[in-house]
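The values are calculated or read from the model by the stated rules, or taken from the named source; none is laboratory data. Here the structure is a predicted model, which is why all the values come from computation and not from measurement. The protein model used for the area step is the full one, side chains on, heavy atoms only, and it has no ligands, DNA or RNA in it. Shrake-Rupley method; radii C 1.70, N 1.55, O 1.52, S 1.80 Å.
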Amino acid sequence: MQRFDHAASKSIYPTVDAFLADIVAIQRQMIGELVDAGCRYVHIDEPGYTAYVDEPSMEAMRKRGEDPMQNFSRSLKANAKLVANFPGVTFGIHLCRGNQRSMWHREGSYDAIAERLFNELPYQRFLLEYDSPRAGSFAPLRFVPKDKVVVLGLVSTKVPELETVDTLIQRIEEAAQYVPLERLAISPQCGFGSDVVGNLISEDDQKRKLALALEVAREVWGAN
């Protein structure tokens, strides 16, 4: 929606809602094809939501004559429609903050959007980037409903430096003050190669990062 060119699109889409309706219909068709093929877990990547905690992004919306919180409400409704009526399918949603050539795009804590985000989106898994102080504290997790899982993106995909087991466990324990351990998980903060450009990190570094995440999961949750 934030990439919608109002001026250039008026001949086809008189409103952003008309544009969104087509986007939702296309993506629902794609999800339906996955489900028909036997897929029971669908992961949706949504970089748009971090715009609503990033002041430069919100200022850009205002300069276009848009209300950021109205856009936020529109996004929530569209995402809810996207995953409606797919029984037996678990949906995860990842809130990306930018991931190209080891750079980031947005910053800001989840506080301002957390309550509505976690409660109005009918997703069962929330994958949140928490590899940097730019994401703020774990306090917004207090709004996560009791039937949802938070996947903590604590392992950076941007830098080769390896996090330590002790540091990651400490951070998980901090998050567990707001969401119990049985509803927490760990993952890399984003994909290692979210696009063709990728990040400034080697294949061996990536393998070490994944092995670290697995070691921490076994230590904390006894995962096999």
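Using θ = phi - 60° and the Karplus relation 6.51 cos²θ - 1.76 cosθ + 1.60, list the HN-Hα couplings for region 14-21 in order, rounded to whole Hz, with x at every Gly or Pro.
Each residue of region 14-21 in turn: x, 9, 5, 5, 5, 4, 4, 4 Hz.
Taking only C-alpha pairs under 8 Å that are 6+ residues apart, what is the relative contact order of the chain in percent?
Details: 315 pairs, mean separation 38.9, N = 224.
Rounded, it is 17 percent for the chain.
Using a Gaussian network for the chain with springs between C-alpha atoms less than 10 Å apart, which of these wobbles most: Val16, Val144, Val159?
In the Gaussian network model the winner is Val16.
Using θ = phi - 60° and the Karplus relation 6.51 cos²θ - 1.76 cosθ + 1.60, list the HN-Hα couplings for region 163-169 in order, rounded to whole Hz, with x at every Gly or Pro.
5, 9, 4, 4, 5, 5, 5
Using the Karplus curve 6.51 cos²θ - 1.76 cosθ + 1.60 with θ = phi - 60°, work out ³J(HN,Hα) for each residue of region 141-150 in order, rounded to whole Hz, and write x for Gly and Pro.
Listing the rounded values in order: 5, 5, 8, 5, x, 6, 9, 10, 10, 10 Hz.
Computed over the Cα atoms of the chain, what is the convex hull's projected area averaged over all directions, in nm²? Before the final figure, lay out the partial values.
Numbers: hull surface 53.0 nm².
Computed as one quarter of the Cα hull surface, the answer is 13.3 nm².
Long-range amide H contacts for Val155: which residues qualify at under 5 Å (H placed 1.01 Å from N, peptide plane, sequence gap of 5 or more or a different chain)?
Amide H neighbours of Val155: Ser187, Gln189.
Which of the residue pairs Lys148/Lys209; Lys10/Lys81; Lys63/Lys148 have a Cα-Cα distance greater than 28 Å in the structure shown?
Numbers: Lys148/Lys209 26 Å; Lys10/Lys81 24 Å; Lys63/Lys148 36 Å.
Going by Cα-Cα distance, Lys63/Lys148 fall outside the 28 Å limit.
Quick one: with all protein chains in place, what share of the accessible area of the chain is carbon or sulfur, to the nearest percent (1.4 Å probe)?
Details: 6210 of 11820 Å².
Using a 1.4 Å probe with all protein chains present, the chain comes out at 53 percent carbon and sulfur.
What does the accessible area per residue of the chain come to in Å², with a 1.4 Å probe and no ligands, DNA or RNA counted? Before the final figure, lay out the partial values.
Numbers: 11820 Å² over 224 residues.
Accessible surface, normalised per residue, equals 53 Å².
Taking amide H positions as placed 1.01 Å from N in the peptide plane, with prolines and chain starts having none, which residues 5 or more places from Ile44, or on another chain, fall under 5 Å of its amide H?
Gly92, Ile93, His94
Top mean-square fluctuation among Val165, Val149, Val53, Gaussian network model of the chain, C-alpha springs under 10 Å?
Val165
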